[in-house]
1. Tell me the accessible surface of residue 41 in square angstrom (1.4 angstrom probe, heavy atoms of protein chains only), to the nearest ten.
2. Using the Karplus curve 6.51 cos²θ - 1.76 cosθ + 1.60 with θ = phi - 60°, work out ³J(HN,Hα) for each residue of segment 70-82 in order, rounded to whole Hz, and write x for Gly and Pro.
3. Place +1 on the Cβ of every Lys and Arg and -1 on the Cβ of every Asp and Glu in segment 1-107, take the dipole about the Cα centre, and give the residue among 6, 50, 106 whose Cα lies farthest towards its positive end.
4. Could you do me a favour and compute the accessible area per residue for segment 49-134, 1.4 Å probe, result in Å²?
5. So, in nm, how far is label residue 86 from label residue 1 when the simple model puts each one 7 Å beyond its Cα toward the Cβ?
6. For 74, 5, give the ranking by accessible area with the largest first, probe 1.4 Å.
7. Dividing the convex hull volume of the Cα atoms of the chain by its residue count, what figure in Å³ per residue is obtained?
8. Of the options 154, 135, 116, report the single residue whose Cα projects farthest towards the positive end of the charge dipole of segment 73-167 (beta-carbon charges: Lys, Arg +1; Asp, Glu -1).
Amino acid sequence: KFHGVAWTIEAGDAYFSPPIGGYGFSNLYSPALTFNGAAIRGRTNRTTLAVVAGRTTAWRNIFGNDPKGLGQTVAIGHITRRLGTRFEISGHGSRIRTTSLDEFSYTIDASDQVGGATRVLLIPSLQFVADGSIVSYRRTGTSSRERDGSYMGGLNWLHSHGWVQLNASRFSPGDFPALMPEAPSPVRPRDLSS
């Protein structure tokens with residue numbers, strides 16, 4: 001701790017989870033990004049700051065203890081501020097450059113993104129989320145840049161028998177094009193009997 005802020009500083013092999021996964025929508029999956037570099041996180045009672053920079057990695061074995069550095073650099077910043085017990089705002093930005101991912105395919109060589117979000121707890125079990133960003137990106141094999149936006153918004157209601165969610169999203173092709181593990185396949189009831 002320093003001046004009331006709890007700091008975490010990491011260097012070497014680390015991971016970062018993009019904020020979409022923290023919103024609690026079951027159909028929006030946000031796997032962790034593994035990288036070799038540095039991460040600094042600061043936290044107070046109301047504010048959380050994270051700055052991450054490095055080179056993405058992929059695991060060479062199923063145990064995840066032999067990371068392989070890839071030709072992709074990432075720089076990420078994210079800040080969240082709680083304004084009272086039910087209202088939260090955040091800002092985020094990222095810069096990703098890709099030259100080679102070896103055996104992994106990719107379609108975006110460069111991406112710059114900046115955006116913001118808000119989360120409101122209407123009641124403790126009902127949250128509203130809105131997240132939007134501007135994206136500038138360059139596709140693989142071209143020299144021209146494209147600009148568009150990404151957004152996500154919705155309601156999530158947790159109740160005694162499960163949850164109900166309603167959300168809409170639109171993600172740009174250049175939205176955070178970092179190499180991340182694939183989302184796991186959902187388990188279906190018939191799979192449990194085998």
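1. 60
2. Going residue by residue, I get 10, x, 9, 10, 10, 9, 9, x, 8, 9, 10, 9, 8 Hz, with x marking Gly and Pro.
3. 6
4. Spelled out: the 1.4 Å probe surface of segment 49-134, per residue, equals 53 Å².
5. 3.0
6. 5, 74
7. Given the Cα convex hull of the chain, per-residue volume reads 164 Å³.
8. After comparing all options, I get 116.
The values are calculated or read from the model by the stated rules, or taken from the named source; none is laboratory data. The shown structure was predicted, so the numbers you read here are calculated from the model rather than taken from an experiment. Cβ atoms come from the backbone with ideal geometry, glycine included; neighbour counts cover every protein chain shown. Note: areas computed on protein heavy atoms with side chains; ligands, DNA, RNA excluded. Shrake-Rupley method; radii C 1.70, N 1.55, O 1.52, S 1.80 Å.
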